[in-house]
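Shown next, in structure tokens, is the structure this report addresses.
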Amino acid sequence: MRCRSMVKNVLKIALVPKSRRADRGRSRGIVTDAQQILERSRSIVAAAYVLLDKEGLEGLTIRAVLVKTGLSRRAFYERFAGKDDLMLAVFEHTVRLAADHYRAQVATLTDPMARMELIVTCIVLGESTLKESGGNTSRRGAAMSREHLRLAQSRPDDLQAALDPLIALIAEQLFRGMEVGSVRDCAPQRLATLVYNLVATTVHTELLAQEARVRDRTRRLQLAADLWEFCRRAIAAP
């Protein structure tokens, strides 16, 4: 019976037209190539995190990334056109992690305003990205702040796309607040963008001023409280 089954399988393969078999082979090759590129991308972004933590923006060079990952220059350029694309990938990865982390944190809260307060506090503290990389200084944060400001001018659409998951999460909480009457009636996406820009700009300023120091949690908590009070008054329903 086993031999008969093997013969049937061979016959099935043989009966498949060569063109279809070739297409399947090409498809498997495309999937494998895509997986390899994805893995290389993750490896490159992880290396960028480490370099930014240790040496800041000056230490993040394509050559340093290649040395750390062991990849060839060709492998790097299969995924990224240059350093700007790499930084955008770092932002995208950071924001996606942060948005997922914040969504999990607010899931237990029913009050939209309480959810907003928690999100603003988390953004100011930046703890999700710290835990993810193991860093304990503001070096990477300051480097990303500089790049955020630069890319906002040179690649605004790409930067916005990288930030979309977090802004969408904020907009979702604002919309829920409008539904229950705790948030003033306004376009949620626009209001979310305004809130994010205010908080992010303040955090960027703080990170650049405290670049060489270990993060002061007490100072950050006070900043988070002040920022939230400002935001609360701006978004609260009259």
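At full extension, S72 and R155 could sit 27.2 nm farther apart than now, given 0.36 nm per residue minus the alpha carbon distance. Accessible area ranking (1.4 Å probe, heavy atoms, ligands and nucleic acids excluded), largest first, for E206, E55, E179: E179, E55, E206. Amide H to amide H distances under 5 Å link V183 with M178, A237, where only residues 5 or more positions off or on other chains count and H is placed in the peptide plane. Our analysis of segment 178-237 gives Rg over Rh at 1.09, with the two radii drawn from alpha carbon positions and Rh computed by the Kirkwood formula. Once you divide the Cα radius of gyration of segment 44-104 by 2.2 N^0.38 Å, the number left is 1.18. Multiplying the residue separation of K54 and T201 by 0.36 nm and subtracting their alpha-carbon distance yields 50.6 nm.
Electrostatic tally near Q189: other residues with Cβ closer than 11 Å to its Cβ, Lys and Arg +1, Asp and Glu -1, net -1. Here the Karplus relation 6.51 cos²θ - 1.76 cosθ + 1.60, evaluated at θ = phi - 60°, turns the backbone of segment 113-121 into coupling constants of 5, 5, 5, 4, 4, 5, 5, 4, 4 Hz, with x for every Gly and Pro. Rolling a 1.4 Å probe over the protein heavy atoms leaves Y77 with an accessible area of roughly 100 Å².
Solvent-accessible area of E92, all protein chains in place: 90 Å² (probe radius 1.4 Å, heavy atoms, ligands and nucleic acids excluded).
The values are calculated or read from the model by the stated rules, or taken from the named source; none is laboratory data. Just so you know, these numbers come straight off a predicted model, no measurement behind them. Note: ideal-geometry Cβ built from the backbone for every residue, glycine included; neighbour counts use all protein chains shown. With ligands, DNA and RNA removed, areas are computed over all heavy atoms of the protein, side chains included. Shrake-Rupley method; radii C 1.70, N 1.55, O 1.52, S 1.80 Å.
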